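For reference, the structure discussed in these notes is given below.
The values are calculated or read from the model by the stated rules, or taken from the named source; none is laboratory data. Every value quoted in this text rests on a predicted model; they were computed, and no experiment measured them. Reconstructed Cβ throughout: ideal geometry from the backbone, glycine too, with neighbour counts over all protein chains shown. Side chains included, ligands, DNA and RNA excluded: accessible areas come from the protein's heavy atoms. Shrake-Rupley method; radii C 1.70, N 1.55, O 1.52, S 1.80 Å.
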Amino acid sequence: MKRITRREWMVKTGVAALGTGIVAPAQSAALQPTRSESPPRRVLRFAHLTDIHVQPERGAEAGMAAALRHAQSHPDPPAFILQGGDAIMDGLGVSLDRLRKQWACWHRVYAAECRLPVEHVLGNHDIFGWDRQKSKASGTEPEYGKRHALEQLGLDRSYRSFDRAGWHFVVLDSVHHDPSGVYTARLDDEQFEWLAADLAATDPSVPVIICSHIPIIAACAYFDGENEKTGNWVVPGRWIHIDARRIKDLFVRHPNVKIAVSGHIHLTDRVDYAGVTYLCNGAVSGNWWKGAYDQTPAGYALIDLYEGGGFARQYVDIGWQPVT
Ligand SMILES: [Zn+2]
């Protein structure tokens, strides 16, 4: 593991340009303190480790261990880990035997290295057998679909919400079964109604953070694959939420929704749209354990949340060198 210096960290994350180690927390006008008040207080730091994609090959177990050690060894450590989904390389199009091998890798590293509490998000590649051609799954296996992944991650349902440090966390399940194309990134009506009710039941003075595996809105999705090769931009409904419009419109009705974090694309970006900041937070596995993907190295995000709705995100390069 390569420990990065604070200076490297600042340069890599672009923070140096501001001349401080901390990005000024973004705030809505209604929540900004008056001049006589002291600056907002940081109430929580957590690490967002997404797209770990552990597998027996390419040193992925060592890479996962390095990322967990890195995240847990900061002098100012995170309080918990948000595991952003795609814990294993792939379950959609593999045999049961291959699926079990990957989860065995996961549990080995997780048990040995993870000391912090973890909140899990379900990713598309955690799901078993939906690519029926490749997996040869019949669909009647007890492991089929989301069930086995939820068991492996210790979850009793694929979406939920909870409160922490004065913030409301909403964990979404982005992955909708689409038998013709394996999956689509969207919430079904039941989950959307749940989300609407959950936000309606949240005190409007409590800031909200949305956690999804697949981005609701992202700019980096343009550069994932060759989406312009036809002469038009074509970003598939598996790359970003195809129902982004109704989710975005729902957020507009709840100005306390401040940020939405995601993974899936393995790239980092920040999109500010209609009052919400959407942060796509790279991948622990980088380019699926082959080094950096475009300009995003293997890494994770450190996220600071502030009283009153401010936040800061730093993407941390774990210095992973690919194993051949
Ligand atoms: Zn994914």
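Annotations
- When Ala196, Ala221 are checked against the criterion of being small (Gly, Ala, Ser), within 16 Å of the ligand (Cβ to nearest atom) and touching a residue at least 24 places away in the same chain (Cβ under 8 Å), a single residue qualifies: Ala221.
- Flag for Leu150 being under 23 Å from Val261 (Cα atoms), open to solvent by 30 Å² or more (accessible area, probe 1.4 Å) and away from the ligand (no atom under 15 Å from the Cβ): no
- Any hit, region 113-122, residues being assigned to a loop (DSSP other than H, G, I, E, B), over 17 Å from Glu61 (Cα atoms) and either more than 16 Å from the ligand (Cβ to nearest atom) or of a type in the set (Ser, Thr, Tyr) (or both): yes
- Flag if Pro33 is more than 22 Å from the chain's Cα centre (by Cα) and at pLDDT below 95: yes
- Contact map, region 263-291: residues that are among the basic types (Lys, Arg) paired with residues that are modelled with pLDDT of 95 or more, Cβ distance under 7 Å, separation 6+ or inter-chain. Pairs shown: Arg270/Thr277; Arg270/Leu279.
- Condition check for Gly93: open to solvent by less than 30 Å² (accessible area, probe 1.4 Å), modelled with pLDDT of 95 or more and farther than 22 Å from Leu172 by Cα: yes
- When residues of region 78-112 are limited to those that are of a type in the set (S, T, N, Q) and touching a strand residue (DSSP E or B) at 6+ places or on another chain (Cβ under 8 Å), the one nearest to the ligand (Cβ to nearest atom): Gln83
- A single member of Pro215, Pro236 is open to solvent by less than 50 Å² (accessible area, probe 1.4 Å), free of Cβ contacts under 8 Å to residues at least 12 places away in the same chain, in a loop (DSSP other than H, G, I, E, B) and within 16 Å of the ligand (Cβ to nearest atom), and it is Pro236.
- Among (1) within 20 Å of the chain's Cα centre (by Cα); (2) more than 16 Å from the ligand (Cβ to nearest atom); (3) under 18 Å from Val94 (Cα atoms) - the single one Val208 does not satisfy: (3)
- Exclusive hit being farther than 23 Å from Leu302 by Cα and touching a residue at least 24 places away in the same chain (Cβ under 8 Å), set Arg98, Arg58: Arg58
- Residue among Tyr159, Tyr222 that is at pLDDT 95 or above, out of contact with any Gly (no Cβ under 9 Å at 6 or more places or on another chain) and closer than 15 Å to Val121 by Cα: Tyr159
- When restricted to residues that are assigned to a loop (DSSP other than H, G, I, E, B) and within 16 Å of the ligand (Cβ to nearest atom), region 42-77 contains 5.
- The residues on offer are Ile210, Ile247, and the sole one that is of a type in the set (A, V, I, L, M, F, W, C) and assigned to a strand (DSSP E or B) is Ile210.
- Failed item, numbered, when Ser285 is tested on (1) more than 16 Å from the ligand (Cβ to nearest atom); (2) of a type in the set (Ser, Thr, Tyr); (3) part of a loop (DSSP other than H, G, I, E, B): (1)
- Subset of region 123-144 that is among the polar types (S, T, N, Q), part of a helix (DSSP H, G or I) and away from the ligand (no atom under 16 Å from the Cβ) - its residue that is nearest to Val261 (Cα to Cα): Ser135
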